[in-house]
Amino acid sequence: MERKQIEDASKICGVPCEIITRFVEEEWILPVDQTTPFFDSEDIARIKLIWELHNDFGVNDEAMPIILHLLDQLNRMHLELERFRIH
Amino acid sequence: MNDPYQILGVSKTADQDEIKKSYRKLAKKYHPDLNPGNKEAEKKFKAVSHAFDQIGTAEARAKFDRGEEFEQQYQSRSGGPSFYDTQHDGGRYSYSFGDEMGGADFFENLFGGARHRDINFPGEDIHYKMDVEFKEAALGTEKVISLTDGKSLRVKIPAGIESGKKLRFKGKGRPGIGQGAAGDAYVEINVKPLQGFSRKGKDILSELPISFLDAITGGEIEVPTIDGNIMMTIPAGVSTGTRLRIKGRGAGPADNRGHQIVELKIVMPKNIDPALKEAALNLKDQFNYNPRMQ
């Protein structure tokens, strides 16, 4: 799994470093390695998603955590359904 | 269909607001995270996103209208995996809300009540990979990583750890269902290389270039170690390949570190000055020897 530092993540997503830092402070992004921090493909896809929700769909800071939370639940639900199907 | 105006369903004379409005409408409809697993929607979303990259700003649009090539500045909307793509085989974020919701219990209730109450199966193990600096691996360190349940895990990296070694954290994997135990988390360590150094068990190996004059006379030479430079005494008459040991500068816990093994390499000057050649010829008369006969 490739990891990127914040400057590289910023370049890949086209999202400024300070915005990414804010996403991390808000705990919308939990970087895979919090020490440096490093971002993996999951983090980068999520940064892009949050940026799209904010920029293109006009989601504000109050609604953002709710939407992310619901998306995480939905994705988890898919996974659990899949696990039940397999077992 | 490559015409961004057509893809976004707007006329060539539409203003930027109309374009944005239309893009937003279509993006909402086809966003891969709102249509998980729907490949057709994903394709459409990419097309719509690309079209918006082309004409979404007045600047980009002017370029497009002039027929200039579209330059991708960054991965942008249409590139890279969608967030859903990174989650549908199991991602950290999909598990991050587990505990708030009551985790596995929530799903048990959801899927089942009485009929499924007997279902027990253990949680899966999760495998992480972690890059560690050469020095950190040699002397030990502590890192914090994010687990799939959104919690942080403090990973104590023991001094002297080697690449490929896996640390196990019992019960830190995915939660089990029913009575099933939680899986374990494994963190595989990858030690990053450090120019000029390598590791062999607890010992650190390095190469030290010296001049042939130092090789003859011996002397004090500065040697880089992972603790910084130190002075090392070189005995007279060393050869390329001679190994010297610096005690306690290797890897391992502070009270039990390995050694640094310094391999000497005699390096000639880049250009042989005529005076040096002359001096060597004189020395040869007096001190020549045959190293193949020793």
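Counts of other chain beta carbons within 10 angstrom of each beta carbon in peptide B:31-42 average 2. Nearest 5 percent is fine: what portion of the DSSP beta bridges confined to chain B is antiparallel? In chain B, DSSP labels about 65 percent of beta bridges as antiparallel.
Taking the Cα atoms of the range B:182-273, the ratio Rg/Rh between the radius of gyration and the Kirkwood radius comes to 1.14. Here the contact order of the range B:184-292, divided by its residue count and restricted to Cα pairs under 8 Å and six or more residues apart, works out to 26 percent. So what's the angle, to the nearest 10 degrees on a 0 to 90 scale, between helix B:16-30 and the longest Cα principal axis of chain B? Once rounded, the angle reads 90 degrees.
Enter the angle in degrees (range 0 to 90, nearest 10) between the Cα long axis of helix B:39-55 and the first principal axis of the Cα atoms of chain B, meaning the one along which they spread out most. Result, in degrees: 80.
What is the percent of Cα-Cα separations in chain B that go past 28 Å? So the portion of pairs separated by more than 28 Å is 67 percent.
Considering only DSSP beta bridges with both partners in the protein assembly as shown, what is the antiparallel share in %, to the nearest 5? The partial results should precede the final answer.
On the way: 31 of 46 bridges.
Percent antiparallel among DSSP bridges in the protein assembly as shown is about 65.
Listed peptides B:85-92, A:21-28 appear in the order B:85-92, A:21-28 once ranked by packing, highest mean of other Cβ atoms within 10 Å at the front.
Counted by neighbouring Cβ atoms within 10 Å, the residues B:HIS31, A:HIS54 run from fewest to most as A:HIS54, B:HIS31. For chain A, the calculated P(r), taken from all Cα-Cα distances in 10 Å bins from zero up to the bin holding the longest distance, is 16, 45, 28, 10, 1 percent.
What does the average come to when, for each residue of peptide A:27-40, you count the partner chain Cβ atoms lying within 10 Å of its Cβ?
Counting other chains' Cβ atoms within 10 Å and averaging over A:27-40 gives 4.
Between helix A:41-55 and chain A there is an angle of about 80 degrees, using the helix long axis and the longest principal axis of the Cα atoms. Contact order for chain B, expressed relative to its length and based on alpha carbon pairs under 8 Å spaced 6+ residues apart, stands at 12 percent. Most fluctuating residue of B:ARG243, B:ARG61, B:ARG174 in a GNM of chain B with Cα springs under 10 Å: which is it? Of B:ARG243, B:ARG61, B:ARG174, the Gaussian network model singles out B:ARG61 as fluctuating most.
Roughly what percent of Cα-Cα pairs across the protein assembly as shown reach past 38 Å? I get 45 percent for the Cα pairs in the protein assembly as shown exceeding 38 Å. In plain terms, the residue of A:ASP8, B:ASP33 with the fewest other Cβ atoms within 10 Å comes first and the most crowded comes last, giving A:ASP8, B:ASP33. The distance linking the range B:215-229 with the range A:13-87 is 51 Å (Cα centroid to Cα centroid, whole angstrom). Note on the range B:160-294: antiparallel DSSP beta bridges, both residues inside, total approximately 70 percent of the bridges counted. Choose one of B:ILE157, A:LEU70, B:LEU283: the residue whose Cα lies farthest towards the positive end of the charge dipole of the protein assembly as shown (beta-carbon charges +1 Lys, Arg; -1 Asp, Glu; about the Cα centre). Of the listed residues, the answer is B:LEU283.
Under a Gaussian network description of chain A, with springs only between Cα atoms under 10 Å, the residue in A:ILE47, A:ILE12, A:ILE20 that fluctuates furthest is A:ILE12. Take each residue in B:174-182, count the other chain C-beta atoms within 10 Å of its C-beta, and the mean is 1.
Each value in this text was obtained by applying a stated rule to the coordinates, not by laboratory testing. This one's a predicted model, so the numbers in the text were calculated from it and none came from an experiment. When we count neighbours, we look across all protein chains shown, and the Cβ atoms used for this are built from the backbone with ideal geometry, even at glycine.
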